[in-house]
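The values are calculated or read from the model by the stated rules, or taken from the named source; none is laboratory data. Keep in mind that what you see is a predicted model, and the values were worked out from it rather than measured. With ideal geometry, Cβ positions are generated from the backbone for all residues, glycine too; neighbour counts draw on all protein chains shown. Please note that ligands, DNA and RNA were not included when accessible areas were found on the heavy atoms of the full protein model with its side chains. Shrake-Rupley method; radii C 1.70, N 1.55, O 1.52, S 1.80 Å.
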Amino acid sequence: MKTFTYDEYLLSKKVIARRLGDFVPEVLITLGSGLGFMADEVENPIYVPYEEIPNFGTCTAPDHKGRFVFGTLCGKNVAVMQGRLHCYEGYEVQEVTYPIRVIRLLGTSKLILTNAAGCVNMNWKVGDLMLIGDHIRLFGHGPLQGANIPEFGPRFCDMSYVYSPRLQELAESKARKLDMPLRKGVYMFFPGPNYETPAEVRAARVLGADAVGMSTVPEATVAAHCGMEVLGITVLTNMAAGVLPQPLSGDEVTKAAAEAAEKFSGLIRACLAEM
Ligand code: HPA
């Protein structure tokens with residue numbers, strides 16, 4: 001299992017801080033599939049490619065550019081991850097979550113996580129946005145396994161309020177103002193890269209999941225550990241496997257993510273302004 005020392009996180013932070021001068025990001029935003037364009041809306045951008053930062057992996061997922069964009073968005077100082085790392089790319093969960101801790105060391109205390117996911121809840125439909133109220137991870141290594149780094153948080157991390165109640169209320173009130181339906185539900189992590197089997201989707205439903213996806217949970221866990229306020233928003237790009245009598249395709253996911261991109265970014269912008 002790959003683990004990192006506190007000094008390694010500090011070194012990566014130093015490399016980024018040198019590029020930023022006195023700019024301090026207040027909010028870290030991780031953009032999922034189809035949302036990469038939001039990084040291009042950042043004003044006065046400072047680009048830091050992941051390959052320039054020690055211990056960072058490179059992105060292989062489609063539409064994931066593999067760089068930070070620092071600057072302002074809706075009047076807030078932000079760090080945008082234009083592309084994230086996934087366990088299914090072969091990265092260990094400690095590598096996937098490494099950037100979260102590095103940005104935390106810059107003084108950033110809020111995190112917006114976005115993703116595309118399969119819809120498990122039979123009452124919802126493709127294109128709906130879902131506020132993540134909680135998550136389930138039963139498989140794969142947890143990102144906090146290995147020696148604890150007390151500078152980030154305690155050995156046994158409370159997970160009662162991973163997704164900030166305050167930010168959930170904010171998102172719900174913004175969605176109402178924008179007259180945009182916003183579901184609220186439980187996101188269940190699957191390691192991928194294969195989509196789930198219909199039996200896994202039925203199991204997820206029994207367990208209380210509303211959506212299934214391959215990201216977000218590792219990052220949210222590490223963020224909870226180091227005391228960040230997390231807002232998680234999902235676009236439901238497809239009915240999960242077995243719900244409809246047809247196979248899933250990556251193209252369907254990409255297309256639905258693109259179609260929902262405008263309302264998705266509208267909601268994120270509205271939240272950001274008041275976070
Ligand atoms: N399962 C897992 N991840 C996903 C899905 C899905 O159905 N759709 C988009 N990301």
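A few points about this structure:
- For the chain, accessible area per residue (1.4 Å probe, heavy atoms of protein chains only), Å²: 43 Å²
- For the pair Glu26 and Tyr88, the difference between a 0.36 nm per residue extended length and the Cα-Cα distance amounts to 19.4 nm.
- Label-to-label distance, nm, for residues given as Arg202 and Leu138 (7 Å Cα→Cβ offset): 1.4 nm
- Using C-alpha pairs below 8 Å separated by at least 6 residues, the relative contact order for the chain is 25 percent.
- Working from Cα pairs under 8 Å separated by at least six residues, relative contact order for region 1-70 is 35 percent.
- Positive minus negative residues near Pro181 (Lys, Arg vs Asp, Glu; Cβ under 12 Å): +2
- Classified by the C-alpha gyration tensor, region 1-125 has an oblate form. Its axis ratio a/c, with a ≥ b ≥ c, is 1.5 or above, and a/b does not exceed b/c.
- Size descriptor, Kirkwood hydrodynamic radius, that averages inverse alpha-carbon separations across the chain, Å: 18.6 Å
- Relative contact order %, region 150-275, counting alpha carbon pairs below 8 Å whose residues are six or more apart: 32 percent
- Separation in nanometres of the label points that stand 7 Å from Cα toward Cβ, at Glu51 and Leu244: 3.8 nm
- Our Cα-only numbers for region 137-190 put the radius of gyration and Dmax at 15.9, 46 Å.
- Accessible area of the chain belonging to carbon and sulfur atoms, whole % at 1.4 Å probe: 52 percent
- Structure-based [θ]222 nm, the chain - -39500 (n - 2.57) summed over DSSP H runs of at least 4, per residue, nearest 500: -9500 deg cm²/dmol
- Annotation for Thr60 and Met1: the two label points, set 7 Å from Cα along the Cα-Cβ direction, are 2.3 nm apart.
- Taken as entire DSSP H runs, the helices of the chain that both span 20 Å or more between Cα atoms along their own long axis and average -0.5 or more on the Kyte-Doolittle scale are 6-20, 250-273.
- Difference of contour (0.36 nm per residue) and Cα-Cα distance, Asn123 to Met180: 18.8 nm
- Protein-only accessible surface order, largest first, of Phe37, Phe23 at 1.4 Å: Phe37, Phe23
- FRET efficiency for Arg18 and Arg269, using Cβ-Cβ distance with R0 set to 35 Å, rounded to 0.05: 0.75
- Taken over the alpha carbons of region 180-275 as equal point scatterers, the Debye sum produces base-10 log I(q)/I(0) values at 0.18, 0.21 Å⁻¹ of -1.00, -1.26.
- Share antiparallel - DSSP beta bridges, the chain, percent rounded to 5: 35 percent
- Packing rank of 85-97, 112-124, 47-59, where each peptide gets the mean count of other beta carbons within 10 Å, highest leading: 112-124, 85-97, 47-59
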